[in-house]
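The values are calculated or read from the model by the stated rules, or taken from the named source; none is laboratory data. On a predicted model such as this, the values are computed, not experimentally measured, just so you know. Heads up, the Cβs are rebuilt from the backbone with ideal geometry, glycines too, and the neighbour counts pull from every protein chain shown. All accessible areas refer to the heavy atoms of the entire protein, side chains included, with ligands and DNA or RNA removed. Shrake-Rupley method; radii C 1.70, N 1.55, O 1.52, S 1.80 Å.
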Amino acid sequence: MIEDGNPHHFFIATQDQELSNKVKRKPGIPLLFIIQNTMVLDKPSPKSLAFVQKLQTNQLVPEYQKQSIVELKEKEGLVKQEGEKRRKRKRAGGPNPLSCLKKKKKKTQEGQEPSAEKKKRRKRKRNRIKAEAMQSVQKNEGE
C-alpha cells in the first residue's frame with residue numbers, strides 16, 4: 001500500500017520492531033506505536049528529513065533568477081515604492097460604553113401632559129395622640 005511513495009498519506013501503526021525499521025527506511029511515512037495505553041507519533045526518520053530538505057531546495061528560486069525578476073519589475077515599473085506603505089495610526093477610542101451612565105430623560109417633553117409626569121406621592125401622616133389625651137385615657141382606665 002505504501003510502496004509507491006505513500007500517495008494516500010497513510011500512517012503505519014505497529015508494535016513490530018522489524019516492520020517499524022522497514023518503514024523508517026522509506027521517506028514520508030509516519031509511524032505510530034502504543035506506549036502505556038497512549039498512541040505516540042514517532043519522530044521523522046533521517047531519510048524523511050533528508051527527503052523534505054531536498055524537496056524544499058528544489059522548490060526555491062535560485063538567486064540569479066530573483067535578481068533578474070527584480071530587474072524586470074523595475075524596468076516595467078511594477079516595483080512597490082517604500083513611500084506607499086503607510087501604517088494607519090490607531091486612534092484613541094472613547095470610553096467603554098458599558099461603563100458609562102445613561103443620560104437622564106428630560107422631565108417635560110412636547111406632546112405629553114405634565115400632570116402624568118408630576119404625580120406627587122402623599123406623605124403618610126401619623127396620628128399622634130396628645131399628651132393630655134393620653135393622660136385622660138389612662139385616668140379613665142384606672143377608675
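Structure above, values below:
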{"read-out": "Single condition Lys73 does not satisfy, out of (1) within 37 Å of the chain's Cα centre (by Cα); (2) at pLDDT below 90; (3) surrounded by 10 or more Cβ atoms within 10 Å (Cβ to Cβ); (4) more than 19 Å from Gly5 (Cα to Cα)", "value": "(1)"}
{"read-out": "Cβ pairs under 7 Å, 6+ apart, first in the range 31-54 and open to solvent by less than 90 Å² (accessible area, probe 1.4 Å), second part of a helix (DSSP H, G or I) and hydrophobic (A, V, I, L, M, F, W, C)", "value": "Leu31/Val23"}
{"read-out": "Selection within the range 1-34 - over 22 Å from Ala50 (Cβ atoms) and in a loop (DSSP other than H, G, I, E, B)", "value": "Met1, His8, Thr14, Gln15, Asp16"}
